[in-house]
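Data first, discussion second: the structure below is written as C-alpha cells.
The values are calculated or read from the model by the stated rules, or taken from the named source; none is laboratory data. As the structure is a prediction and not an experimental result, all values here were calculated from the model. Here the Cβ positions follow ideal geometry from the backbone for every residue, glycine too, while neighbour counts run over all protein chains shown. SASA here: full protein model, heavy atoms, side chains in, ligands and nucleic acids out. Shrake-Rupley method; radii C 1.70, N 1.55, O 1.52, S 1.80 Å.
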Amino acid sequence: MACRYIETHAKSVLNAVRGMAFGWSANPYRGCVHGCHYCFARRYHAYLELGTGDDFSSVIVVKVNAPEILRRELSRPGWRRQTVALGTATDPYQPIEGQYRLTRGMLEALADARTPASVVTKGPMVIRDRDVLTGVRDRAGVSVCVSLTTLDRDRWRRLEPGTAPPHQRLRAVAALAAAGIPVGVLLAPIVPGLTTDRANLEAVVRGAAEHGASFLGTGLLHLEPGVREHFDGFLSADSPDLVSLYRRLYRGGTRAPAGVERSLATAVEELRLRHGLAERPIAPRAALIPAVAPARARAEDAQTSLEL
C-alpha cells in the first residue's frame with residue numbers, strides 16, 4: 001500500500017500528561033506505518049477526518065518543525081524540566097524518521113535543555129541515536145523501552161505487519177545496553193488468545209534478559225472506540241474462533257475483567273523476577289514506564305506507552 005506523507009507546521013508539540021511518571025509527551029508524527037492492529041492511537045486519526053484502518057498506516061502527518069518548536073517550549077522561563085516521553089501516540093522511529101530526523105532533533109533539544117526523556121519504540125533505528133541518547137542520559141536521565149508482544153514470527157506478521165522482526169528489536173536492545181543506555185522491554189499489549197500463552201510470555205521475558213534489558217513492563221490489550229471496530233474486523237478475518245472470547249472479555253467496555261488483568265500481570269511478574277529484570281528503569285532521574293493502566297490525559301496521549 002502506498003504511503004502518503006503530509007507535512008505540517010505544529011504550533012506546539014508538548015502535551016501535558018496527568019497520572020503518569022512523566023509530566024509531558026511529544027510526538028513528531030501522527031499515524032504510523034507499522035500498522036499494528038491493536039494500536040490505541042488509531043482512533044486519533046478520526047480527529048483528522050481520516051479512517052482508523054488503512055488511513056492510519058498510510059497517511060502520516062509529519063510535524064516538520066517539531067524540534068524547533070520543542071526548543072522554544074523548553075526555553076520558557078517556567079519550564080521545570082519534567083520528563084518528556086517520545087512515542088506515546090506514534091512510533092518516533094518509524095522508517096520516515098530516517099529522512100526527516102525529527103526524533104533525533106527533539107532528543108538534541110531535550111539534551112540541551114537538560115530535560116529527562118523516555119522513548120518507546122518498535123524501531124531498531126533507535127540505535128542510530130545512541131550518541132544523543134547518551135547526551136540526554138548524562139545531562140538529565142533517559143530510558144528507552146522497546147515494545148515486543150511476541151517472538152513468534154507468524155504471530156508477529158499477523159499482529160504487527162509493518163514492524164521490524166522481533167529479533168531485530170532484541171538486537172537493538174543489546175546495542176543500547178552495550179552503550180550504557182538504560183533500556184528495557186515493554187511486553188504490551190498482551191493480546192488475549194494470541195499472545196497470552198505462557199510459552200510466548202516467557203520467550204519475550206527471557207529474550208529481554210538475554211539481550212541486556214534491565215527492566216520490563218507489561219499491560220493487557222485495551223479496546224477503545226475507534227480501535228475496537230478495526231480490531232474486530234482484523235479478528236474476524238484472522239482468528240474468527242476468538243470472536244466469542246472477545247465478546248465475553250470486553251462486553252463491559254474497553255478493558256477485560258480485572259481478574260484477567262491481575263492473572264496475566266502476576267504471570268509476567270513471576271517471569272520478570274525469575275530473569276532478574278526490574279519493573280522500571282533504574283537510573284538517576286530517568287523516566288519511568290507505567291506498570292499497568294495509565295490515567296486519562298489529553299485525547300492524543302491517553303493510554304500512552306502501554307499500547308504503542
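Could you list all residues from the stretch 158-188 that are within 15 Å of H211 (Cα to Cα) and either touching a Cys at 6+ places or on another chain (Cβ under 9 Å) or β-branched (V, I, T) (or both)?
Answer for the stretch 158-188, where residues must be within 15 Å of H211 (Cα to Cα) and either touching a Cys at 6+ places or on another chain (Cβ under 9 Å) or β-branched (V, I, T) (or both): V173, I181, V183, G184, V185, L186.
Tally up the residues in the stretch 198-244 that are part of a strand (DSSP E or B) and hydroxyl-bearing (S, T, Y), please.
1
Among the residues of the stretch 223-239, what is the count of those that are within 19 Å of the chain's Cα centre (by Cα) and hydrophobic (A, V, I, L, M, F, W, C)?
3
So, R247, is that one more than 22 Å from P92 (Cα to Cα), open to solvent by 30 Å² or more (accessible area, probe 1.4 Å) and either part of a helix (DSSP H, G or I) or of a type in the set (A, V, I, L, M, F, W, C) (or both) or not?
Answer is yes for this residue.
Restricting the search to the stretch 79-92, which residues are more than 15 Å from the chain's Cα centre (by Cα) and open to solvent by less than 60 Å² (accessible area, probe 1.4 Å)?
Of everything in the stretch 79-92, those that are more than 15 Å from the chain's Cα centre (by Cα) and open to solvent by less than 60 Å² (accessible area, probe 1.4 Å) turn out to be W79, T83.
Can you go through P95, P67, P116 and tell me which one is touching a residue at least 24 places away in the same chain (Cβ under 8 Å), within 19 Å of the chain's Cα centre (by Cα) and open to solvent by 10 Å² or more (accessible area, probe 1.4 Å)?
P95 is the lone residue from the list that is touching a residue at least 24 places away in the same chain (Cβ under 8 Å), within 19 Å of the chain's Cα centre (by Cα) and open to solvent by 10 Å² or more (accessible area, probe 1.4 Å).
Can you work out which of the residues in the stretch 271-294 that are under 16 Å from the mean Cα position of the chain (by Cα) and modelled with pLDDT under 50 is surrounded by the most Cβ atoms within 10 Å (Cβ to Cβ)?
The extreme case among them is A287.
Only one residue in L220, L242 is buried (at least 22 other Cβ atoms within 10 Å of the Cβ) and either within 19 Å of the chain's Cα centre (by Cα) or under 18 Å from Y38 (Cα atoms) (or both). Which one?
None of the others qualify; the one that does is L220.
Specify the residue that is farthest from V84 (Cα to Cα); the eligible residues are those in the stretch 136-156 that are over 18 Å from the mean Cα position of the chain (by Cα) and open to solvent by 20 Å² or more (accessible area, probe 1.4 Å).
The qualifying residue farthest from V84 (Cα to Cα) is D154.
G78 fails exactly one of the following numbered conditions: (1) assigned to a loop (DSSP other than H, G, I, E, B); (2) at pLDDT 95 or above; (3) over 24 Å from P182 (Cβ atoms); (4) not β-branched (V, I, T). What is the number of that condition?
(2)
Kindly provide the set of residues from the stretch 250-270 that are over 16 Å from Y38 (Cα atoms), of a type outside the set (D, E) and surrounded by 12 or more Cβ atoms within 10 Å (Cβ to Cβ), ordered by number.
P257, V260, R262, S263, L264, A265, A267, V268
Which numbered condition trips up G35, out of (1) open to solvent by 10 Å² or more (accessible area, probe 1.4 Å); (2) part of a loop (DSSP other than H, G, I, E, B); (3) modelled with pLDDT under 95?
Failing condition for G35: (1).
I need the full set of residues from the stretch 169-197 which are assigned to a loop (DSSP other than H, G, I, E, B), open to solvent by less than 10 Å² (accessible area, probe 1.4 Å) and farther than 23 Å from L221 by Cβ, in order please.
I181
Take the conditions in contact (Cβ under 8 Å) with a residue 24 or more places away in the chain, under 19 Å from the mean Cα position of the chain (by Cα) and surrounded by fewer than 18 Cβ atoms within 10 Å (Cβ to Cβ) and apply them to E202. Does it pass?
Answer is no for this residue.
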